[in-house]
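The values are calculated or read from the model by the stated rules, or taken from the named source; none is laboratory data. Predicted model, so just to flag it, every value in this text is computed and none were measured. We place every Cβ from the backbone using ideal geometry, glycine too, and count neighbours over all the protein chains shown. Keep in mind that these areas ignore ligands, DNA and RNA; they rest on the heavy atoms of the full protein, side chains included. Shrake-Rupley method; radii C 1.70, N 1.55, O 1.52, S 1.80 Å.
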Amino acid sequence: MAARPQIAIGFLGTQLDQGQGAGRWEKWRPTVSLGQQPDLELARIELLVDFDRSGGLARRVVDDLRQVAPRTQVRLHDVRLADPWDFEEVYAALHDFLRGYAFDPEREDYLLHITTGTHVVQICWFLLAEARFAPARLLQTAPPRRQDGRSAGTWSVIDLDLARYDRIAQRFRRDQADTASFLKSGIETRNAAFNRMIEQIERVAVRTRAPILLVGPTGAGKSMLAKNIFALKKQRHALEGAFVEVNCATIRGDGAGSALFGHVRGAYTGAAGERAGLLRSADKGLLFLDEIGELGLDEQAMLLRAIEDRRFLPVGGDREVGSDFQLITGTNRDLAQAVGEGRFREDLFARLNLWTFALPGLRERPEDIEPNIDFELERFARLNDERVGFNTEARQRYLRFATGPDATWSGNFRDLSASVTRMATLARAGRIDAAVVDEEIARLRRAWARGGTRDGAQVAESVLGEVLPPEALAAIDRFDRSQLADVVRVCRSTRSLSEAGRVLFQASRERRSSVNDADRLRKYLRRFGLDWDALTGP
Amino acid sequence: MNPLTIDGAQGEGGGQILRSALTLSLLRRQPFRIERIRAGRAHPGLMRQHLACVEAAARIGLARVDGAHVGSTALEFEPQGLVAGHHEIEIGSAGSTLLVLQTILLPLLAADGPSRVRIHGATHNPLAPSADFVAEGFLPLLRRMGANATLSVERPGFMPAGGGVIEAVVGPSSLVALPLEDRGALRDVRIEALVCGLPREIAERELGVVARRLRLRADQCHVVERPRSEATGNALHAILQYQHLRVVVQALGRRGLRAEQVAQGLCEDVRRYMLGDGAVDEHLADQLLLPLVFAGGGSFTTGRPSGHLESNARLIEAFGAARIAIAPAQGDPAKTWLVRVDAVR
């Protein structure tokens with residue numbers, strides 16, 4: 001194994017390497033100490049010297065280095081500085097030197113000696129190394145504890161690649177875990193896909209201010225996540241302004257432009273005063289536009305402008321105003337489809353669609369239901385100063401239902417939150433028992449049976465999506481979907497084809513116009529490529 | 001020849017193991033490979049002072065060397081011959097010129113022509129024999145064994161500046177063992193206080209303390225003033241002339257250490273030696289092993305053996321150069337030990 005030659009590059013200051021007569025050897029002189037280290041052998045030292053200021057000093061340093069390290073070559077480079085404390089001048093001088101230097105990083109290792117020179121020189125060396133203008137690591141020398149001439153002090157190499165330091169890397173991992181937990185409101189979620197997504201959001205949120213698009217069904221936690229991202233960035237001093245949240249579905253129509261972009265006095269009848277608008281309120285902060293798909297086309301155009309130029313015109317105004325905000329948008333609709341249908345601007349979608357994260361609904365994260373229940377109980381305790389818990393049996397019963405096929409969780413976390421809050425409120429002596437759980441399960445079933453917050457078509461689609469491949473589902477008319485979905489539900493809630501037939505054809509049976517319900521049902525299902533086993537199978 | 005593999009982490013003194021291995025390798029034309037050099041230390045691997053020795057040895061042995069760089073934890077050394085002649089070696093402040101000289105001295109005695117070696121660097125290091133120790137103690141003993149070698153200090157050089165020069169003149173020699181089991185009666189004591197670029201008063205204060213504590217006459221105490229060298233320095237030596245051998249005890253001054261403290265340190269070391277029964281002191285014992293191997297065998301008495309002596313002996317045996325017995329001598333086993341070297345021909 002051959003050693004790679006080590007080259008040190010340093011700036012000779014006017015102070016630290018000074019020393020007269022024989023006594024200078026008892027003094028720590030950082031540049032000279034480079035030649036006295038028992039465990040460092042430099043092939044070359046490139047010394048930047050202002051000959052006007054330090055010519056004599058340089059000659060002595062070179063002589064002394066030759067004496068203590070005869071095998072180290074020392075080369076002087078004249079660098080004249082009018083003011084070695086002037087950042088611009090020093091940076092330019094060092095940058096010029098490095099640019100002109102024939103680095104051969106394939107063969108040699110370079111060390112920038114940062115201990116000598118003015119603080120400005122040190123700062124510039126650091127910046128130049130960090131920006132990779134010099135393929136070098138930083139070399140630091142330090143005086144011995146006692147300057148008795150017996151030790152040349154110490155030296156150490158600072159590698160700016162932080163990943164090389166175990167303790168720093170550990171700290172980063174810890175910070176990252178803390179941040180991820182922060183984004184999840186401290187909930188110990190177990191769903192691997194969700195946790196992976198949070199890690200990605202954490203990286204994106206910490207590093208960029210580019211727009212983020214959160215896609216997911218109602219109640220999947222978009223708003224909470226946006227708030228947490230804001231709080232995280234505020235904590236990291238990446239944002240100074242406020243968190244401004246608006247649901248675009250609530251500002252449709254004439255007032256929408258004014259609400260978002262503000263208006264000037266007298267912009268329209270009734271506009272007696274000036275209004276800043278939500279975009280300006282979010283200046284230097286974070287604007288969360290939920291249900292972005294509901295935004296009108298005019299507002300979409302203005303928003304695009306505001307994102308691209310950070311400037312926009314208030315309603316009725318003729319002078320642009322500026323606002324610099326981080327934008328997060330949320331939608332439960334397929335925006336690409338909306339673009340296809342001409343309801344959403346393609347260019348705006350392209351801007352928003354840079355960092356898109358799909359938040360799964362609660363049904364897709366059954367393993368996260370339990371930690372979320374605990375989180376809701378904690379929140380209840382915080383809000384009401386009352387700690388409430390489940391009986392073991394009650395907890396199991398509720399969990400079995402919550403993670404089972406009957407729980408559609410159509411309102412996702414919003415439903416779960418409301419459900420836990422109801423049970424906690426009805427709990428006696430701080431315990432949620434089986435009776436409370438049973439009542440709550442019945443309540444949820446009724447709510448979901450009413451269609452919950454979803455319309456019939458959505459419900460039918462999700463039911464059929466579980467038994468049919470997407471292409472088969474796409475081939476079925478909406479006209480047929482609701483009927484088929486209801487048939488599927490009945491099949492799944494009965495024990496046999498015959499029983500399902502009896503339920504489905506009850507009216508006909510009473511008129512005795514049907515004799516073989518089961519056969520009729522079997523034929524109906526076959527039309528869609530389905531059979532009893534496929535519906536009720538494992 | 002297959003290289004001998006040496007564990008550089010064994011025993012004490014990683015540097016000394018390496019230097020002895022270099023000497024033996026040159027003398028016996030035996031290639032070796034040393035591994036785990038200074039393993040387990042804060043800065044493992046070769047340091048500059050070790051490299052200085054490797055390079056000097058490689059020069060006079062025309063050796064093929066692999067792994068000779070600072071921080072290297074494995075080194076291969078394969079000598080091809082021995083070159084007498086003039087060698088100018090610069091080691092800067094990388095260790096001691098005397099340790100470099102000791103590494104190559106025996107091989108130069110074994111070479112077939114005269115040599116003159118000038119080594120530039122430090123002549124008085126805290127953890128190495130000083131130039132005076134070698135010139136006044138070690139070399140006279142070797143000359144009595146038959147060595148044709150002299151040493152002069154052209155200019156002293158102190159750490160951390162270095163800047164000194166020693167010159168050794170060496171001619172082809174064969175050594176014969178001397179009986180060194182009895183030091184005999186004390187004939188004379190001479191104290192030398194060296195000052196270099198420092199006030200003479202420092203030397204006088206040192207001599208005052210030594211004269212009083214060791215009850216010496218004024219004519220036994222000498223101030224040696226050397227022309228101002230690069231670095232300032234001070235060294236104090238006691239030269240104890242016994243009937244059968246001369247022993248040199250050294251103490252180095254340094255900044256922050258008062259002249260009186262330097263003198264007291266010397267007196268304690270002198271007393272310790274005087275109270276012992278062994279002929280050879282701890283430092284010389286260590287350095288005598290290889291010359292005795294070269295001389296074909298021999299023995300000496302010394303105090304309780306140091307870790308250095310033990311690991312040096314084991315290394316010599318590993319090279320197959322000698323069998324070395326270290327055992328308590330008759331008398332007080334805590335005080336006197338007999339070291340016996342039987343060279344393997």
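Taking amide H positions as modeled 1.01 Å from N, with prolines and chain starts lacking one, the residues under 5 Å from A:V74 and 5 or more places away or on another chain are A:I45. Among A:180-190, B:308-318, sorting by the average number of other beta carbon atoms lying within 10 angstrom of each residue, highest first, gives B:308-318, A:180-190.
For a paramagnetic label modelled on A:A3 (point 7 Å from Cα along Cα→Cβ), amide N atoms under 14 Å away belong, within the range B:46-86, to B:46-56, B:66-76. In chain B, helices alone account for a calculated mean residue ellipticity at 222 nm of -10000 deg cm²/dmol, with every DSSP H run of four or more residues adding -39,500 (n - 2.57). For chain A, the longest principal axis of the alpha carbon atoms and the long axis of helix A:51-68 meet at an angle near 90°.
Shape verdict for chain A, please, from the Cα gyration tensor: rounded (a/c under 1.5), prolate (a/b greater than b/c) or oblate. Prolate, since a/c reaches 1.5 and a/b exceeds b/c. Computed over Cα pairs, the Kirkwood radius of the range A:277-329 leads via Stokes-Einstein (1.306 mPa s, 10 °C) to a diffusion coefficient of 140 µm² per second. Multiplying the sequence separation of A:R75 and A:E188 by 0.36 nm and subtracting their Cα-Cα distance, what value in nm do you get? Gain in length upon complete extension: 34.7 nm. Taking all protein chains into account, the per residue accessible area for chain A stands at 52 Å² (1.4 Å probe). Spatial offset of the range A:55-86 relative to the range B:252-318 amounts to 43 Å, using the alpha carbon center of each. Among the lysines of chain A, pairs that are 8 or more positions apart or on different chains and have alpha carbons within less than 29 Å of each other number 11. The long axis of helix A:192-207 is offset from the longest Cα principal axis of chain A by roughly 40 degrees. Charge dipole of the protein assembly as shown (Cα centre as origin; +1 on each Lys and Arg Cβ, -1 on each Asp and Glu Cβ, all else neutral): 1280 debye, rounded to the nearest 20. Our note on the geometry: Cα centres of the range B:64-122 and the range A:108-139, 37 Å apart.
Return one number: the angle in degrees, 0 to 90 and rounded to the nearest 10, between the long axis of the Cα atoms of helix A:456-465 and the longest principal axis of the Cα atoms of chain A. For A:456-465 against chain A, the angle is about 70 degrees.
For the range B:186-275, the Cα-based Rg and Dmax, in that order, read 12.7, 38 Å. Split the accessible area of chain A by element, probe 1.4 Å, and carbon with sulfur accounts for 49%.
Burial here means at least 20 square angstrom less accessible surface with every protein chain in place than with the chain by itself, probed at 1.4 Å; in the range A:8-29 the buried residues are A:A22, A:W25, A:E26. Taking every DSSP beta bridge that has both ends in the protein assembly as shown, the antiparallel portion is near 50%.
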